[in-house]
Amino acid sequence: MDRVLVCSAWPYANGPIHVGHVTGSLLPADIFVRFNRLIGNDAIMVSGSDMHGAPITVSADKEKVSPEKVARRYHDLNSKAIEMLGISFDLFTHTHTKNHESVVSEVFLELQEKGHLKRMTTSQYYCGECDRFLPDRYVDGTCPHCESANARGDQCDVCGMDLDAKDLKDAHCQLCGCVPDLRDTEHIFLKLPDFTDSLKAYVESCRHWRPHVRSFTLNVLEEGLTDRPITRDISWGVPVPVDSYDTKRIYVWFEAVIGYLSATKEWAAASSDSTSWERFWKDSSCRSYYFLGKDNIVFHTIIWPAILTGIGGLNLPYDVVANQFMNLGGQKFSKSMGVSINIPDLLTKFQPDVIRYYLVANMPEFKDSEFSWDDFAQRTNSELVATYGNFVHRAMSFTYKNFHTIPSRGPLDDRDKAAMKRISDAGEAVARSLSKCEFREALRSLMDLAQFGNQYFDSVAPWTLVRSDKARCGTVLHVSLEMCKALAVFGCPFLPFSSERIWTDLGMEGSVEAAGWKGFEVPLKEGASLKKPVPLYAKVDMSAAGGFARYSMLNLRVGKILSVEPHPNADKLYVMKVDVGRPITIVSGLKDYYTAEELSGKTLIILTNLEPAKLRGVKSEGMLLAAEDAERLALLTPEKDLAPGTQISSGLEAADKQISYKEFQKLDMRVGVLAELSPPKIDIGGKAVGCEVAGGVAGEKYAALVLDDSALVMHGPDGVKIVFDRDIPAGARIR
RNA sequence: AGCGGGGUGGGGUAGCUUGGAAAUCCCAUCAGGCUCAUAACCUGAAGAUCGUUGGUUCAAAUCCAACCCCCGCUACCA
């Protein structure tokens with residue numbers, strides 16, 4: 001039996017956790033610890049919310065509540081989400097506890113005792129108005145490198161240079177705008193250079209680390225370490241156990257990593273043996289794994305090991321499993337599902353295992369990955385639902401219909417034996433990958449088994465056997481159910497909820513967790529009665545899910561009119577050539593409203609995926625959007641000039657599929673006057689409804705997509721909204 | 001500009017650390033099968049000079065160099 005301590009980076013209690021936190025640290029840590037428990041290792045997982053630091057203070061100031069209240073709120077929210085997602089912490093605590101404070105104090109004093117700390121006086125900006133020292137990032141000014149006016153004290157966003165706030169020109173306080181003055185202040189520094197040699201030797205020896213983690217760390221060490229301040233002039237944080245430091249607090253980056261140790265102690269204190277933390281920190285055979293995102297590497301491969309080396313006697317990280325980033329791109333929010341990528345929100349719409357599946361399948365283990373709703377739906381439906389879920393369901397429901405119990409297993413032929421072999425092979429493959437922290441690969445092996453299950457089921461064709469040889473049919477079903485059981489066991493680290501359900505539905509005793517990895521060899525109970533199976537997962541339907549999804553059938557683009565000709569066979573029609581990224585022909589009935597000269601060169605909004613139709617003998621390949629009431633007509637146009645061909649997707653995922661005119665007519669688009677801003681309301685002709693809009697000016701008229709009692713303001717990239725070229729009353733229909 | 005990631009069949013990707021018969025998986029396409037299952041599953045086919053140019057080598061998607069493009073880092077910071 002091995003001993004394993006699993007640590008997951010501490011989410012910051014300044015907002016709800018999102019897919020990035022989960023895929024970067026919480027989920028891999030959970031999968032890893034679940035796997036270790038299943039194979040019988042002595043494993044625990046601890047972490048908690050990082051409650052301190054300036055951003056929380058700022059949020060609190062804005063809301064006019066205490067920092068503690070803000071931090072608590074998100075800690076509670078996130079703890080609940082973490083639990084619902086099935087992240088199986090032995091302890092998920094936070095850093096605002098007495099225990100943490102005292103452990104941090106001990107560590108601090110121990111380092112001081114051993115001479116690894118020193119005091120130095122530096123000058124820092126102090127804002128007289130706010131009556132506080134300003135962290136670098138709360139000082140604004142002109143960048144000394146590129147002269148751009150909006151640089152922050154820690155970094156210039158324009159040229160990207162790291163800055164020292166003292167170098168900024170025209171420094172002013174970001175919070176109140178006053179000019180701060182420089183004041184001397186004393187701080188305590190950790191003498192990191194003391195540890196350079198031992199850290200180098202340590203990192204050199206860690207050949208099992210992911211290559212980018214190791215080389216990045218060696219690189220930093222090579223560039224040289226400097227003393228780092230571990231105290232700050234702030235009021236929200238862990239007190240400094242030193243006289244005359246009562247107006248200062250310990251800097252979060254120093255204090256939060258110590259949380260791993262304090263959390264283990266807190267876990268031990270709550271158990272029957274309060275010294276049990278020692279077996280995870282002092283027993284040198286215990287391996288500690290840290291799961292985090294790449295921005296956190298130095299804290300775990302340099303600073304935390306330096307602190308641990310400084311106090312001595314405690315295990316250094318065995319592995320620092322850093323993930324890259326899951327980029328969220330423009331997909332922070334799904335308009336169609338009405339759901340954002342934060343976890344509490346996602347959990348209201350999707351089963352935890354569905355979320356877990358996608359986040360593992362797309363985990364940024366070795367390079368950045370991209371979150372997209374499309375991909376989410378596609379992978380869920382074609383992999384988890386169609387391959388895994390469907391196999392389990394077809395095997396169970398066929399058995400249920402024809403036997404109602406677990407059929408007994410007769411003699412196995414070669415194909416059956418190969419299938420049984422395939423089960424144990426799959427288990428080994430999954431275990432091999434998981435022990436190397438290669439989660440995608442492990443999941444792949446699991447899915448391969450599910451696919452094999454489908455192949456086996458097809459090849460033995462129980463629906464034929466049931467009529468010709470019922471005993472044989474029972475045998476192949478028995479083997480199929482063995483595969484389901486194996487999927488439950490091997491899939492348990494990834495899909496714990498599904499696993500337990502399969503296990504129970506198969507009539508197995510206890511739980512997968514209790515049975516452990518070897519549970520796949522526990523025989524099925526022949527004759528055990530089955531309940532009527534219910535599919536494990538439902539398909540994710542992004543388009544039918546209501547909301548504004550229906551509007552995503554429109555492929556709207558900016559179009560520039562190239563030429564206008566009168567229609568040869570009609571009085572009211574024009575034939576126009578329009579550039580929508582490609583030249584197309586459009587026939588439209590504008591003759592009563594616009595002259596050819598007025599139209600020529602205009603920039604409009606064109607529906608580009610309308611089924612082409614012949615209008616009086618001329619083929620029209622699209623349609624321009626216009627608002628009209630009884631006597632007036634106005635054309636839709638972007639409020640700012642956009643290049644022809646630019647998508648006007650309103651934040652939805654525009655389709656390419658052609659739509660019929662009939663389908664188009666079902667949609668309700670209107671002219672709306674933005675009535676109020678917060679919360680935004682829009683008047684769509686006699687009634688004001690809630691709407692979604694980015695920016696916007698009250699009193700202005702915008703094109704709105706209407707759905708029952710809500711509206712979405714039509715917009716292109718960067719929130720460029722769609723307006724009208726002539727005045728037209730609110731409520732006019734857009735066609 | 002800096003930092004980070006990447007450019008592999010129509011789209012999305014695996015493989016690259018430890019070079020070896022040209023390549024994984026999902027989707028889309030085409031053809032077939034099955035009818036137990038959530039229009040699902042199974043089989044087969046078509047389709048890629050592995051960003052460009054040089055280099056190392058008996059051999060390069062894989063190593064080296066240069067270049068060209070894309071994306072994220074404007075905080076829901078893992």
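The values are calculated or read from the model by the stated rules, or taken from the named source; none is laboratory data. Predicted model only: the values in this text are computed from it and were never measured. With ideal geometry, Cβ positions are generated from the backbone for all residues, glycine too; neighbour counts draw on all protein chains shown. Accessible surface is based on the protein model in full, side chains and every heavy atom, while ligands, DNA and RNA are left aside. Shrake-Rupley method; radii C 1.70, N 1.55, O 1.52, S 1.80 Å.
List of remarks:
- Cα lying deepest toward the dipole's positive end in region A:293-434, options A:Asn390, A:Phe376, A:Pro317, charges on Cβ: A:Asn390
- Accessible surface, chain A, averaged per residue in Å² (probe 1.4 Å): 42 Å²
- Segment A:His404-A:Glu631, extension gain: residue separation times 0.36 nm, minus the distance between their alpha carbons: 74.7 nm
- Inter-label distance, nm, simple model (7 Å from Cα along the C-beta direction), A:Thr348/A:Ala698: 2.7 nm
- Two-site label geometry, A:Ser235 and A:Ser272: point separation in nm, points 7 Å out along Cα→Cβ: 4.7 nm
- For chain A, the spread of Cα positions along each principal axis, largest first, Å: 93, 91, 43
- Low-density loop positions, chymotrypsin sites (Phe, Trp or Tyr not before Pro), region A:362-436 - DSSP coil, at most 10 other Cβ in 10 Å: none
- With all protein chains modelled, accessible area of A:Met84 [1.4 Å, Å²]: 90 Å²
- A:Thr122 accessible area, assembled protein chains, probe 1.4 Å, Å²: 40 Å²
- Counting only protein heavy atoms and a probe of 1.4 Å, the accessible surface of chain A is 49% carbon and sulfur.
- Residues in region A:621-640 reached by a label modelled at A:Asp668 [backbone nitrogen below 17 Å; 7 Å Cα→Cβ]: A:628
- A:Ser215-A:Lys282 FRET efficiency (beta carbon distance; Förster radius 25 Å; 0.05 resolution): 0.25
- Net charge of the neighbourhood of A:Asp469, taken over other residues with C-beta under 15 Å away and scored Lys/Arg +1, Asp/Glu -1, is +3.
- Peptide ranges A:253-259, A:562-568 listed from the most packed, as the mean C-beta count within 10 angstrom indicates: A:253-259, A:562-568
- Chain A: relative contact order in percent, alpha carbon pairs under 8 Å with at least 6 residues between: 10 percent
- Of the cross-linked pairs A:Lys114/A:Lys166; A:Lys294/A:Lys367; A:Lys401/A:Lys485, those separated by over 21 Å at the C-alpha level are A:Lys114/A:Lys166.
- Net length gained if the chain between A:Lys572 and A:Arg183 were fully extended (0.36 nm per residue, minus Cα distance): 132.3 nm
- Pairwise centroid distance, computed over Cα atoms, of region A:387-418 with region A:46-72, Å: 54 Å
- Distance (nanometres) between label positions extended 7 Å along Cα→Cβ at A:Arg228 and A:Lys62: 2.7 nm
- A:Glu565-A:Asp295 FRET efficiency (beta carbon distance; Förster radius 45 Å; 0.05 resolution): 0.15
- Taking all protein chains as shown and a probe of 1.4 angstrom, A:His21 keeps an accessible surface of around 50 Å².
- Length-normalised contact order of region A:372-521 in % [C-alpha pairs under 8 Å, at least 6 apart]: 25 percent
- Note on surface exposure: A:Val673, A:Val720 rank A:Val673, A:Val720 by accessible area, highest first, 1.4 Å probe.
- Between A:Asp167 and A:Leu615, the contour length at 0.36 nm per residue exceeds the Cα-Cα span by 154.5 nm.
- For A:Lys577, the lysines whose Cα comes closer than 16 Å to its Cα, not counting residues fewer than 8 places off in the same chain, are A:Lys560, A:Lys591, A:Lys602, A:Lys614, A:Lys619.
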